[in-house]
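The values are calculated or read from the model by the stated rules, or taken from the named source; none is laboratory data. Only a predicted model underlies this, so the values are computations on that prediction, with no experimental measurement involved. No Cβ is skipped: glycine too gets one built from the backbone with ideal geometry, and neighbour counts run over all protein chains shown. Heads up: the accessible areas ignore ligands, DNA and RNA and are worked out on the full protein's heavy atoms, side chains in. Shrake-Rupley method; radii C 1.70, N 1.55, O 1.52, S 1.80 Å.
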Amino acid sequence: MVYFAVHTADEVSFVDGTPSNNLTKIESFEGKIKAFTFSEDGKRFAWITGGQVCVAEAPAWTKIGTLKHPRAQELCFSPLGSYLAIWESYVKTTDQSQVQPNLSVYDVTEKKLLKAFYQQSQVNWKPQWTNDETIFARNVTNEVHFYNANDLQTIVHKKILQKVRSFSLSPSTKNHYVTFFVPSVKAAPAYVHLYRFPNFEETSSALANKSFFKVDSVENHWNRQSSACLLLTAAEVDKSGTSYYGEQMLFYLNTKGDSSRITFSKKGNIHSVAWCPNGQEFFAVYGTMPSNATLFNHKCEVVAEFGTGARNTVLVNPVGNVVLVGGFGNISAKFEIWDIKNRKKLGETECSDTTHLSWSPCGQYILTATCSPRLRVNNGYKLWHYTAVLKQESFKDELFAATWIPDPAAAKPFTPSTAPVTGIASSVAVASKQKYVPPWQRGAQGPVGQSNLEKKFLSQMETPEKETEPQKLSKSAQKNKKKRAAKKKREAEGEKESNKEEKSTESPESTVQSLAANVELTGDPEKDKKIRNLKKKLNAIAKLKSDQENGKVLEKNQLEKIATENKLAKELEELTV
């Protein structure tokens, strides 16, 4: 049996996750609840309400304690639920002389405060535990402190690193590892070092290292076995100007000392990565839209491709046999479900307005939700079968969260099937799937005689088909092309002007015939250019002579022009011989 929690304006309720005809509420916690969380084993539940933090315990979900924290904003459990961390707003006392500790860590079982720390920023406020809850760690200025999880009064190990920005403790239960990230300082590159805990006193004792430029932050993605870690790096600004969202890179480190950068077949952002439960393979969704979805092995080699499309999310189910690949957020919400082993698509569907999605602990159902304040319309949740068939939906006036209650024991192997399952039709109106065609393009025909209505991604529009792509000219070739066009235009205009002048000399008023009247072009471009020029001058002289006969008094320069007639006529004759 799997359950999920639904957070509305009035309560948090636990609902039977079995896709029956009527979802059954099994428990509810009434009141205006600010935030809630579960332990990773799903056995403890904590929530903030009315200036208090309450804790309940499975299976009866009986309240086992209440803590007074009037400014509480955030909560998190240790992996087994033995410890609870509470972050409150950071404020000063009335005399402004000191501040109160605002990060409290409790032993839930013993019902006692272990220690209260100062944690000013809400960003990265969460402390870290190993999965066996033996080690507790937190980051302070230029240092990372490590404690025995049951005793936070004494720092047992300390790593001092100037400008250390973040660290990551492996989710391990036996051998423990830790990575430290230091951003670039002046001209020095940024780097990540991986150590075996607690052997990190000397840099030379690092098991693996990776240095890089153009990195502002790092996301650590450990595999379940804590034997390898993926580093998703991000730079806030992409200096190449190809991405508004900055620049990402993906690196692989393992505890054997291997480190490498994963290379991709397509340029663009790295949208999402996810390990398979076996810890030997991982997925990545990357590249300009339509983005690729690729499965890699532990050697960072491509194992299989899972198509392209409008995707920015990849989630592997807890069993490790089915993967969800989809697009959400600023992409029209749609997802595909694939059988990983057989590389076969099991189904696909649209799920408009989705702001949250997750696999059920059993790996056979998907929960999607539309939550406030991200979206304030169509708030509610939907339950899907892994074949992308809708099983249940429910709408709320205001929904803040919907999430599965963890249950690691529910992840039991099953064989994915494409056999149809019974589902329901969503009551949410679906927008028309007919593509909008601007007026100027309506009726346009594509290259094969079909209407050119295909919707393409921006990257496809920017890189047209090679067959239709015009040949790119060098700068010198473009310059020569412009010169030839200008020359052709001048010649055409010259011939046009010459024809006008010829007509003017042949007008009834003209009594003098031009000496160039019967001269024809030779076909030689160079000669013809000179002939046109001479004809133009002779035609002008003929007009002047005609004006002189009609009694017009000519200027001195006009008389000088008439005197050159014989010379011009001789030059013209030599060109036409």
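Here is the size of region 105-166 from its Cα atoms: Rg then Dmax, 12.0, 37 Å. Over all orientations, region 293-344 has a Cα convex hull whose mean projected area works out to 3.9 square nanometres. How much FRET efficiency would the formula 1/(1 + (r/R0)^6) give for ILE160 and ASP132, where r is the Cβ-Cβ distance and R0 is 30 Å, rounded to 0.05? Between ILE160 and ASP132 the formula returns 0.70. Amide H contacts under 5 Å for TRP222: LEU230, restricted to partners 5 or more places along the chain or on a different chain, H placed in the peptide plane at 1.01 Å from N.
With bins 10 Å wide beginning at 0, the percent of Cα pairs of region 170-268 falling in each bin runs 15, 45, 30, 10, 1. Note on PHE395 and LYS267: the model spin-label points, each 7 Å out from Cα along the C-beta direction, lie 4.6 nm apart. Near LYS334, the amide H atoms lying under 5 Å from its own belong to GLY327, CYS351; only residues 5 or more places off or on other chains count, and H is placed 1.01 Å from N. Fully extending the segment from LEU375 to SER205 would add 56.3 nm, taking 0.36 nm per residue of separation and subtracting the current Cα-Cα distance. The convex hull of the Cα atoms of the chain, projected and averaged over all directions, covers 47.0 nm².
Spatial offset of region 300-319 relative to region 215-238 amounts to 17 Å, using the alpha carbon center of each.
Modelled label positions at GLN513 and LEU473, each set 7 Å beyond Cα in the direction of Cβ, lie 4.5 nm from each other. Taken over the alpha carbons of region 146-227 as equal point scatterers, the Debye sum produces base-10 log I(q)/I(0) values at 0.10, 0.17, 0.26 Å⁻¹ of -0.26, -0.74, -1.40.
For the chain, the 222 nm mean residue ellipticity estimated from helices alone, with every DSSP H stretch of n ≥ 4 adding -39500 (n - 2.57) and the total spread over all residues, rounds to -4500 deg cm²/dmol.
Using equal-weight Cα scatterers in the Debye expression, the normalised intensity of region 130-171 in log10 at q = 0.19, 0.24 Å⁻¹ is -0.54, -0.81.
Rolling a 1.4 Å probe over the protein chains gives ARG311 an accessible area of about 10 Å². The 1.4 Å probe gives accessible areas that order LYS536, LYS299, LYS68, largest first, as LYS68, LYS299, LYS536. Residue order by solvent-accessible surface for MET289, MET249 is MET289, MET249, largest first, with ligands and nucleic acids left out and a 1.4 Å probe. Could you check how many percent of all C-alpha pairs in region 301-438 are farther apart than 19 Å? Looking at region 301-438, the distances longer than 19 Å represent 53 percent of pairs.
Element breakdown for region 113-254 at a 1.4 angstrom probe: carbon and sulfur atoms account for 48% of the accessible area. Comparing region 19-163 with the 2.2 N^0.38 Å rule of thumb, its C-alpha radius of gyration ratio is 1.16 (two decimals).
Peptides 393-401, 267-275 ranked from most to least packed, by the mean per-residue count of other Cβ atoms within 10 Å: 267-275, 393-401.
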